[in-house]
Each structure stands twice: as C-alpha cells, then as structure tokens.
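This report concerns only the one structure given below.
Values quoted throughout were computed directly from the atomic coordinates according to the rules given, and no laboratory measurement underlies them. Given the structure is predicted, the values throughout are model-derived calculations rather than measurements. With ideal geometry, Cβ positions are generated from the backbone for all residues, glycine too; neighbour counts draw on all protein chains shown.
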Amino acid sequence: MYKYDQYDQAMVDARVAEFRDQVRRRLEGKLSEDQFKPLRLMNGLYLQLHAYMLRVAVPYGTLNSRQMRALADIAEKYDRGYGHFTTRQNIQYNWIKLEDAGDILADLAAVEMHAIQTSGNCIRNISSDHFAGATADELVDPRPYAELLRQWSSFHPEFLALPRKFKIAVIASEADRAAMKLHDIGIRIVKNDAGELGAAFYVGGGMGRTPMIAPCIREFVPLDQLVTYAEACLRVYNRHGRRDNKFKARIKILVHELGADEYTRQVEEEFAHLLDQGIEPPRAELERIKTFFADPAFETDLPEDIDRSDPEFALWVDRNCVAHKAPGYVSAVISLKPVGGIPGDASAEQMRLIADLAKRYSFDELRVMHTQNIVLPHVRKADLHALWSALDEAGLAAPNLDQVDDIIACPGLDYCSLANARSIPVAQQISERFAANGKGKILGELKLKISGCINACGHHHAGHIGILGVDRKGVENYQLLLGGSEADDTSLGKITGPGFDEAGIVDAVEKATDVYLARRQDGERFLDTYRRIGMEPFKEALYG
Amino acid sequence: MKIVTGNDLKTGAVVWWTGVDWSIHVEDAVDAGEQAEDIATREEAARRVNAPYVIEGEKTAEGVRPAHIKDRIRALGPTVRPDLTLKPADPTAGNWVI
Amino acid sequence: MAELLRFRDDEPVDHPAVTVDAFLDQSNAAAVRIEPGDDARALIPHLDHVRLVEVNFPAFTDGRGYSAARVLREAGYAGELRAVGDVLVDQLSAMRRCGFDSFAPDRPFDPADADAAFRHWPHVYQPAADGRVPIWNLRHGTDNG
Ligand code: HEM
Ligand code: SF4
C-alpha cells in the first residue's frame, strides 16, 4: 500500500487548513454560496436532499484496515452510523454538517485519507482495477501509475476550473474491471513489440445523458512521457471544451464534435510542445511508488483444497471467490448486496468487522469495487471457511457476485436532489423477487444497474439490464434498457420502449429474464442471448 | 399554497419557513404567498438558510403536503430508512410520501 | 476602480489594454487583453514588444485563462501577466502558479485573506509556470524535469 511521506502529509494537512478557512469565510458571509460551492465540491461536500453529503476518496479503491476503521468512526461520530460505497470506489456520507466538515477532513488526514477533488469540475479521484496486484491476468500492477497521476492531478493549478468533471481510470490487463472506456481518460498499461511498458490512451468516454465509449487516441505512450501526455489531453480540453452548455461540457462531446482524429492531432501538437517543458516526474519517482505496491509475503506450498462439505459455503466460494496469481490464495468478494438491502451501504459495525477480517486474512488490505462491494484481495484458501463464517454471521455473505441481485444502484430520490425517481426501493424489490421465485439461482451472470436520473451514476447504460428513473408528470417512472456492458466488450444498452411504474418495472425485469431462460443456449449469459436474438423477443414479452 | 424551503447553512438540515423563522417540521410551513421569493432572497442573504426555493403545496387534513415527491421525501427522510426519518416510530409514515 | 495587487518592480503600463483583434491589426500596442475564447498563442510572434497581458475572467468558473497564462509563460513571455475580472481569493495561488504576477479583481480582496492564500501551500506536486520545485523532484534531489 502507498504510504504518505512528509510531503504528502503536509499537502493534505494544508488542504484541511485551507478548507477550514473557507468554511469560516462562508459562515461569516465573506463567501456567497455561488463562490463557496466549487470550493466545497472540490472537498467532496455536496448539498443534498437531507443534509450535506461528503464523498471521501479511496484512491484506486485501495484501503487498509486502519483506514476502514477510521471510515467507521466518521460514520458514527459525524453521520448516522453508515456510509455508501460508490461506483467510483469512493464512500459517501449522507448526513454531514458543514460545521463538522473541517474536523472530518482532519480525521481523514490522520489516516492518510482525504476528500480532495472528489467532486467539482476538476480531475477526480483515479479509479483502477479492484483486483490489481492479485489477478494473474495483469501485465503489471496498475496502481503505481494511478498514484503517479494522483499526485500530478492533485491541486493542478491549470485544471481546477475545467469545463466539467474529469474522471480517469487506469488498468493493466485485457480484462476491463474498471469500466475504463467509460471514463474521460481510460489508460491501459500495455507492452510494445520491443517489450517495453507504455500506456494506451482512450479519451472521451462517459455515461450521463450522452453515453460514449472512448476511442483509443494513442496506442503507446512511453512511461516516461505519461504525465506529459495526460497534461496535453487536459490542456486541449481546458482550452477548447464547451462551456456554453453544461450538458455538452464533458470531454466526450469535444472529442465527438472535433472527431477523434482532430482531437488527437491537437493533443499531439500540444504534447510535442510540452515535451520541451520538462514537466515529467523523474523516473525514480515511479520506482519509489512501485515499492509500495510490491507483493505481500505470500506463503508457498499452501493447500489448494477447499472443504466443500457445507453447500452454502461452497456456493459462496464458487460465486464470490476469484482466482489469484499466487497458488493457495483467492480474492474474496464481500457482497454489500444482501437480499432486500440497500446496495453499497455498510454500517459502522460492518466496516469494522470487514477491517478486522482484512487484517486477519488479507495482509491488511481491502478494495472497494466499482460494483459497490468490498474485496479482500489476498486470502488463503485454507482461511476461507473461517472468513465465510464470520461474514455469514454478520449478514455479509450473500453469494451473489455478478448475479441478478448484485445490483448497482445510485442513491436516487431517497438521497439525491437531482433524482427523478427512487433507485433503492426498486433494487430491493428486484432482489426480493428473484430470491422468492428461486430464479436468481439459475440466471448466472447478469449485471443489473439502476440510476435515478439521466446522470447515470448507477451505470444503467452499461447494465446487461439497465433501469433509468424518469419523472412522468410528477410520478416516478422507470425505463428498461437491455444489452449494455462495462467490461472488455463495452456496449451501451438500448431502451426497450415505454416506461413502467414501480411495480411494473419489477415485473418487466422478471419477464426479460424469462425470455432469456426460455431461449438461452449452452453457456450463454443473459447478455450473450440478448446479443444473439436481439431486442424483438424481449419487446414481445414486455409489451406484446 | 406557496412554501419556502431550503437547508440550514450550518447543519444542512431541511427547513421550512414558518412566517417568522425556520422549522425542520413541514407541518409548521406557512403559505408565503406573493412574498415567497422575497423571503427566500432575504433569508439567504442573512445566512439564515442555504439554497432556498419556493414550492407549491397544499394544506390537507394530515397537514402541509408539498406537491412534489422530492419535497415530501425531504420533509420526512429517506423512504428506505424509516429509522432515520423524522417519524421513526411510525412504520407507515412512508405512505405519506408516495 | 478595482484595487491592483502586483508582484513586480517595473513601472506598470499606464494605458488601457487593447483587444486581441485590435492588437493583431496594429501590433504596436504594449498592452493587450485576452478574453476566454481568444487563442493566447496568436500573441506569441509579437511578445517581444508586449509589456502587459491582461487575462479576463468574466466568471471565476471559466478556467481557460489558466491555460492562456501558462501558454504565454512557456513561450518565454516575461512581461506583466494580469488576471482581471471575477478573480477571487481562493483562486490566487493557482493563478500565481500559472504565471500571473498581478491581479485586478472586480471586488477587492481582504488583504489578510489574499496574503494567506499565497502562503498557503507548503509544497507543490507538479511543475507549472512559477518555477517551484515539485515534490517529486524534492524527493529525489533532482532539478525540475
Ligand atoms: C448523491 C449525489 C450525487 C450527485 C449530485 C451526482 C451527480 C452526478 C452528475 C450531475 C453526473 C453527470 C455528469 C455529467 O454527465 O456531466 C454524475 C455522473 C456520475 N456519477 Fe454521480 N452523483 C451523485 C452520486 C453518485 C454516486 C453515489 C455514485 C456511485 C454510485 C456516482 C457515480 C457517478 C458516475 C459513475 C457517473 C458517470 C460519470 C460519467 O458520466 O462519466 N455518483 N453524477
Ligand atoms: S443518477 Fe441521478 S439520481 Fe442517481 S445519484 Fe446520480 S444524479 Fe442522483
């Protein structure tokens, strides 16, 4: 895990002091709300439906147990005993007081955490593969590159008032577990023919009201030019991104309107210029960062066998444990999606338990997944039963990774002031329905994602089944989408037709899965069947 | 009726204009009539409220009812956490929202 | 009239700045004013006789002026670079880093707040136009680059 040195600590501490001062000036009336808003957003503080909301950064989704415990403490001390893990690997608190914000940031800084640039029109927290450093299919661990970019983007003076928010994801494998092509910049660490590492840049992806898949604008940027290339991408965007219309201000619109070729040409021109400016970090910095991400001391000669005599445990192992690069280990997913629960919410007690388990069974390391679950990345197979028993007792052993009830849901109208409709109750009813009718067990991989409005925080465009909340004359209404994917085979879902009311959408999801069950061929997932047979049979079942 | 609502600047709590002050209980909201926008502007300038806005609502037998579901959720609390609403002891309180 | 905060010792230019278009038409003016939509690079061929570039911020949320400032400094411009318009105390330190060395805000700052803003950051993570040595160079005892 990355550890702060005196410099990182000094910067985070300075930020806490700066924000305390800004809050003071706001309360004294020296700053209007219009002036204060971008400042608080850059410290993760929103004004939401019931109170202020604080979004805390979990850089590249990696945490240790001490940090997780601090998050639990904050939930109890300043909030109402829980937090919500988000699709960008962060955590949000829903009941924050402005007057407490400075103290919370100070508590975070004490455990090397912060809320810097978790909102606002700036470069946001950088996300990465939740199995980084554990999966066998990665070229290298992508997190050192994400950390280098974290430093570069933190308080970057030129990019603090961008046309719109800017999200970066870094991965280093063919498999995409971070929705990389749906980010403003997606970076894939690759090897060229000469065997050197470099970065492929995908620019201009995003969800929201105009979802777009990022085109690759450069297949290989040498690693000692990574920061310079990113700076060139950002400068072209800052200078030329649209500012006349908030809904057209993301970089995806710039890339789309200019065309990927012209945008690339401008970036290359800026890049050539910036190469002479000497902005690249010394190579030794990347090496320094890498040492923090060295493998933990994996034991050798561990048993591979797992005692599967308890069927519930065996099911959990099959569903929630993922192959690891080290023999005798797996990555174990802790589902935050119990049947009827609130997707992504965790209580302070649950956070503490998860922290303890990470300390005991996973080299003190945790990951937040973009699917709003938690991973213990390095668990010995021999410890799995003990781990599972502890999770089961706390209601954290739902065996549903990538199943129909592993639903991504944004906060929706229960918490979010931009929402058209509630997301969480729909998620709850769907998971209850599929538990009650038993179909949840036989559906296999099915990614269901719900957003409460067109902003798409719940990734509905990228769900095998997506649900979008809309406002129909003041009444909640839900559109159904089919065929999206955020994985390596990225695609955007299509709307089936007219929307449904709250009860209707749950029925509609069940009907769509019935079509799949009736028509699937050997080994096909829902998405594969949809891609093979197309929308018509689903429409027929839904509206025919 | 015209209701003025917003959030408390320091705590972020949802508040309703009572005619003289701000209350966290929507039942205390008054019809601000023609003055609604002026009240919002004046109170925000005095930092007694943050991000105020004017909504439609009606007086019913059960009390003041904001016209839009969003403001009813603001008035009560999240429908998915009855324990965190203003009426934690009333399990049917959520029905009012919908 | 806005107060001027200036970090230079030379005499300020005493005549008003002209627009970029006017400047390019009759490029003997010593003071020019860039609006957010202007291309700062258009000035580069003429920088040797410019002594003041004003960069206008009609709204503090429009960050194009930060890039304009760096573009000019990267081109070697050493004259006065002034941020004008909706310039707020909380933007000062970033503006300074991008190469601004004078500030003419629409509404004057509280001097104590402005002073605190400039002194706030003990270090910087990345190089910009102000010559401060980034943390990643401090760590490795290397010069910039
Ligand atoms: C409750 C407060 C929230 C607000 C006000 C909010 C606001 C927004 C807005 C306005 C957008 C659209 C941006 C655009 O297209 O320009 C957006 C996109 C997004 N938000 Fe949120 N959001 C909230 C919570 C969340 C949560 C809880 C998550 C994670 C579960 C999340 C993750 C995302 C993601 C992944 C996107 C898509 C980004 C993209 O378009 O590239 N947000 N959000
Ligand atoms: S998708 Fe809409 S409703 Fe859901 S959190 Fe985002 S902004 Fe709010």
ask   = Using θ = phi - 60° and the Karplus form 6.51 cos²θ - 1.76 cosθ + 1.60, what ³J(HN,Hα) does each residue of region A:474-490 get, whole Hz, x for Gly and Pro?
value = x, 10, 5, 9, 10, 9, 10, 10, 10, x, x, 7, 10, 7, 4, 8, 3
query = In chain A, which cysteines lack any other cysteine Cβ under 4.7 Å from their own?
reply = A:CYS122, A:CYS216, A:CYS233, A:CYS321, A:CYS416, A:CYS453
Per-residue Cβ neighbour rank within 10 angstrom, fewest leading, A:LEU31, A:LEU302 = A:LEU302, A:LEU31
request  = Would you give the gap between the C-alpha center of region B:39-98 and the C-alpha center of region A:321-365, rounded to a whole Å?
outcome  = 37
remark   = For A:PRO142, the net charge from surrounding residues (Cβ-Cβ under 9 Å; K, R +1; D, E -1) works out to -1
inquiry  = At a threshold of 8 angstrom on Cα-Cα distance, excluding pairs fewer than six apart, so keeping six or more, what relative contact order does chain C reach in percent?
reply    = 21
remark   = Ranked on Cβ counts within 10 Å of their own Cβ, fewest leading, B:LYS2, A:LYS511, A:LYS473 go A:LYS473, A:LYS511, B:LYS2
ask   = What angle, in degrees between 0 and 90 and rounded to the nearest 10, separates the Cα long axis of helix B:36-45 from the longest principal axis of the Cα atoms of chain B?
value = 80
ask   = Which three semi-axes in whole Å describe the equivalent ellipsoid of chain A, each the square root of 5 times a Cα gyration tensor eigenvalue, listed largest first?
value = 33, 28, 26
key: Amide H partners (placed H, <5 Å) of C:LEU81, local residues excluded   = C:VAL53, C:ASP101, C:SER102
DSSP-defined antiparallel bridges as percent of all bridges, the protein assembly as shown, nearest 5 = 70
note = Expected unfolding gain across A:SER389-A:ASP5 under the 0.36 nm per residue rule, minus the alpha-carbon gap, is 134.4 nm
Region C:27-85 - percent relative contact order, Cα under 8 Å, separation 6 or more = 40
task = Within region A:251-274, which residues have the backbone N less than 15 Å from the label spot 7 Å out from C:ILE44 along Cα→beta-carbon, could you tell me?
result = A:266-274
message = What distance in nm separates the two pseudo spin-label positions at B:TYR53 and A:ASP137, each 7 Å out from Cα along the beta-carbon direction?
response = 4.3
task = Using a 10 Å cut-off on Cβ to Cβ distances, tally the other chain neighbours for every residue of A:44-54 and report the average as a whole number.
result = 4
query = Put a dot 7 Å past each Cα toward the Cβ at B:HIS25 and C:ARG119; how far apart are the dots in nm?
reply = 5.0
note = Summed over the other residues with a beta carbon less than 14 angstrom from that of A:HIS370, with K and R at +1 and D and E at -1, the charge totals +4
key: Inter-label distance, nm, simple model (7 Å from Cα along the C-beta direction), C:LEU4/A:GLU432   = 7.0
query = Between B:GLU37 and B:LYS10, what is the FRET efficiency for a Förster distance of 30 Å, r being their Cβ-Cβ separation, to the nearest 0.05?
reply = 0.80
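Give the calculated FRET efficiency between B:THR60 and A:GLU33 to the nearest 0.05, with a Förster radius of 30 Å applied to their Cβ-Cβ distance.
Working: r = 32 Å, r/R0 = 1.08.
Efficiency computed from Cβ-Cβ geometry: 0.40.
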request  = Starting from one equal scatterer on each C-alpha and no solvent at all, send me the Debye-based log10 I(q)/I(0) for region A:1-144 at q = 0.11, 0.13, 0.15 Å⁻¹, two decimals.
outcome  = -0.42, -0.57, -0.76
Size of electric dipole in the protein assembly as shown: Cβ of Lys, Arg +1 and of Asp, Glu -1, about Cα centre, debye, nearest 20 = 780
ask   = For chain A, what relative contact order do you get, as a whole percent, if you take Cα pairs closer than 8 Å and at least 6 residues apart?
value = 13
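With charges only on Cβ, +1 for K and R and -1 for D and E, what is the dipole size of chain C about its Cα centre, in debye, rounded to 20?
With Lys and Arg at +1 and Asp and Glu at -1, about 580 debye.
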ask   = Got a sec to turn the phi values of region A:538-544 into Karplus ³J(HN,Hα) couplings, 6.51 cos²θ - 1.76 cosθ + 1.60 with θ = phi - 60°, whole Hz, x for Gly and Pro?
value = 6, 4, 3, 5, 7, 10, x
inquiry  = Using each residue's phi in region A:93-99, evaluate 6.51 cos²θ - 1.76 cosθ + 1.60 at θ = phi - 60° and report the 3J(HN,Hα) Karplus result to the nearest Hz, with x for Gly and Pro.
reply    = 10, 9, 10, 8, 9, 4, 5
inquiry  = Taking the Cα centroid of region A:99-136 and of region A:237-296, what is the distance between the two, rounded to the nearest whole Å?
reply    = 21
query = Taking only DSSP H segments of four or more residues, each worth -39500 (n - 2.57), what value at 222 nm results for the protein assembly as shown once the sum is divided by all its residues, to the nearest 500 deg cm²/dmol?
reply = -9500 deg cm²/dmol
task = Can you give me the P(r) profile for chain B? Cα pairs, bins 10 angstrom wide beginning at 0, each as a whole percent.
result = 17, 50, 28, 5
inquiry  = If the only charges are +1 at each Lys and Arg Cβ and -1 at each Asp and Glu Cβ, what is the size of the charge dipole of region B:2-96 around the Cα centre, to the nearest 20 debye?
reply    = 340
task = Among A:LYS439, A:LYS97, rank each residue by its count of other Cβ atoms within 10 Å, from fewest to most, as a rough exposure measure.
result = A:LYS439, A:LYS97
Region C:67-136-region A:412-465 distance, computed between alpha-carbon centres (Å) = 46
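Just the Kirkwood number for region C:5-140, please: inverse of mean 1/r across all distinct Cα pairs, in Å, one decimal. Please list the in-between numbers first.
On the way: mean 1/r = 0.0648 Å⁻¹.
Final number for the Kirkwood radius of region C:5-140 is 15.4 Å.
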inquiry  = Within region A:130-147, list the residues whose amide N lies under 11 Å from a label point set 7 Å along Cα→Cβ of A:ALA175.
reply    = A:130-132, A:134-138
query = Once amide H atoms are placed 1.01 Å from N in the peptide plane, what residues at a sequence separation of 5 or more from A:ALA179, or on another chain, have their amide H within under 5 Å of its amide H?
reply = none
